[in-house]
Amino acid sequence: PATIMSAPRRDAMLAHPALKFDKLLFIKHRPYAAHIYEVHHHTGGNSNIFLLSPVTPAGKITKLVPELDGGLFGRFDLSFDATKVIFCYKKKSEEGKKKSRPNSFHIYEIRLDPSTGLKVPGSLRQLTFGGEEEDQAISNAMGGRDYAFHDTDPCYLPNGKIAFVSARSQRNVFCFGTTVSSLHVMDADGKNLRCLSQGPLTEMGPTLLNDGRIVYTRWEYVDKGLGNGQSVWVVRPDGSGVDHVFKNSTMRPSGMMHTRGIPGSSRFVTVANPHCGRNGGAVILIDNRHTRRWAEAMTSITPEIAYPCMYHSIWHMGYFLTPYPFSEKFFLVSHQPGTTGKEKQQYGIYALDAWGNRAKLYSDPEVSCFEPM
């Protein structure tokens, strides 16, 4: 089975030429327990961005932003010249004080020393803020709902701007008591924020394609059941050219997350997600040159994990999240191995190939690891 690998095969995977680089970034935090469309409300704290160097199971782990310990780090991106990291972060709640307003995710940036890959001292800066506008939105909230702005999922753009998703559009999910994250763009210094989307429901996980467009997950709820509402779309950095990539008529999987373009290929890699409950699932390659709507465009490279619809029906085969492709044949991923017992399994960083073979590169027995980059 793909989940069982001999030591020689594991060593061969970790000796792959694609892994011959000296620094790897990733995040440690607790897995999100929220629905796929409300991860911006996640409250699990004490996480950080880490550097692994050299990139081996015995490599040294260094915390990049220790001054922000205690809060929650979300998705991050690395600049094109590898000298900056942009990330979303939610401050730790103050202990012993009555919570008067929800803490919210905002966007931060650090500079990296090219020689070490570590943060340049004093380079941390906050790019987005809430201010009086956010305070007013929170004070107007009904039923105890969290109406904080929650700026998350930042992504560097080739025109120098930054894409991200934010609940500052103040829209509501039609069927559930949570706010909607919409695609936004801003200047490199955090100024001139602009909402790119008029979509009424949640948009998630923007990343950059090879041609400079933004690929993201878009939830639609018109003439569709919950099983086929969260599809993959693209948009140009200026908000024009919105186009459907794949899935609108495919019931399983219900959602697709963490989509990325593959270098040197017209295919995409993504992860199958349920509509509700715990996110994560199979790793899928998409070739939408065949069809943009039907399952023939999908190839699962982890076929032991069933495609979910509303919820995951199978838990013991493990989960994948945040794939980072080197080619159509080789990837880094976050993976939680399957288990038939009650032992606790964390997500770790694994190498994965197109035949489902996987080899652990790094894991922490106490906390999960995500987003290898």
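For region 48-179, the C-alpha radius of gyration sits at 1.21 times the compact-globule guess of 2.2 N^0.38 Å, with N the residue count.
Spin-label pair N159-Q198: with each label point 7 Å from Cα along the Cα-Cβ axis, the two points sit 1.9 nm from one another. Rounded, prolate or oblate, given the Cα gyration tensor of region 176-226, with a/c below 1.5 counting as rounded? Judged from the Cα gyration tensor, region 176-226 comes out oblate (a/c at least 1.5, b/c at or above a/b). Within the chain, the proportion of Cα pairs with more than 34 Å between them is 22 percent. In region 1-54 the Cα-Cα distances spread across 5 Å bins starting at 0 as 4, 14, 14, 14, 14, 16, 16, 8, 1 percent of all pairs. Against the empirical curve 2.2 N^0.38 Å, the C-alpha radius of gyration of region 202-293 lands at a ratio of 1.01. Annotation: aspartates and glutamates with alpha-carbon distance below 14 angstrom to K20 (same-chain offsets under eight excluded): D11. The largest accessible area among S166, S300, S93 belongs to the first residue in S93, S300, S166, and the rest follow in falling order (1.4 Å probe, all chains).
Within straight-line reach of K344, meaning a Cα separation under 13 Å, sit the following aspartates and glutamates at least 8 residues removed in sequence or on another chain: D364, E366. Applying 0.36 nm per residue to the separation of E220 and D287 and subtracting their alpha-carbon distance, the gain on full extension is 22.0 nm. For the chain, the mean residue ellipticity at 222 nm estimated from helices alone is -1500 deg cm²/dmol, where every DSSP H run of n ≥ 4 contributes -39500 (n - 2.57) and the total is divided by all residues, rounded to the nearest 500. Between the exposed loop cleavage positions of the chain, defined as trypsin sites (Lys or Arg not before Pro) in a non-H, G, I, E, B DSSP state with at most 10 neighbouring beta-carbon atoms within 10 angstrom, the longest gap is 192-288. How much FRET efficiency would the formula 1/(1 + (r/R0)^6) give for A188 and A295, where r is the Cβ-Cβ distance and R0 is 41 Å, rounded to 0.05? The value I calculate is 0.50. Between N140 and K63, the FRET efficiency estimated from the beta carbon spacing at R0 = 56 angstrom works out to 0.90. Between D81 and N46, full extension at 0.36 nm per residue minus the direct alpha carbon distance yields a gain of 9.7 nm. Projecting label points 7 angstrom from Cα along Cα→Cβ for M251 and K329 puts them 3.7 nm apart. Heavy-atom accessible surface of the chain, averaged per residue, reaches 43 Å², computed with a 1.4 Å probe.
Accessible area ranking (1.4 Å probe, heavy atoms, ligands and nucleic acids excluded), largest first, for E296, E109: E296, E109. Taking all Cα pairs closer than 8 Å and separated by 6 or more residues, the relative contact order of the chain comes to 13 percent. In this rough spin-label picture, where each label sits 7 Å from Cα along the Cβ direction, the L209-Q345 distance is 3.4 nm.
For the pair A306 and A354 in one chain, pulling the backbone fully straight at 0.36 nm per residue adds 15.6 nm over the alpha carbon distance.
The values are calculated or read from the model by the stated rules, or taken from the named source; none is laboratory data. Predicted, not measured: the structure shown is a model, and the values here were computed from it. Note: ideal-geometry Cβ built from the backbone for every residue, glycine included; neighbour counts use all protein chains shown. For the accessible areas, the whole protein counts, side chains as well, though only heavy atoms, and no ligand, DNA or RNA atoms are used. Shrake-Rupley method; radii C 1.70, N 1.55, O 1.52, S 1.80 Å.
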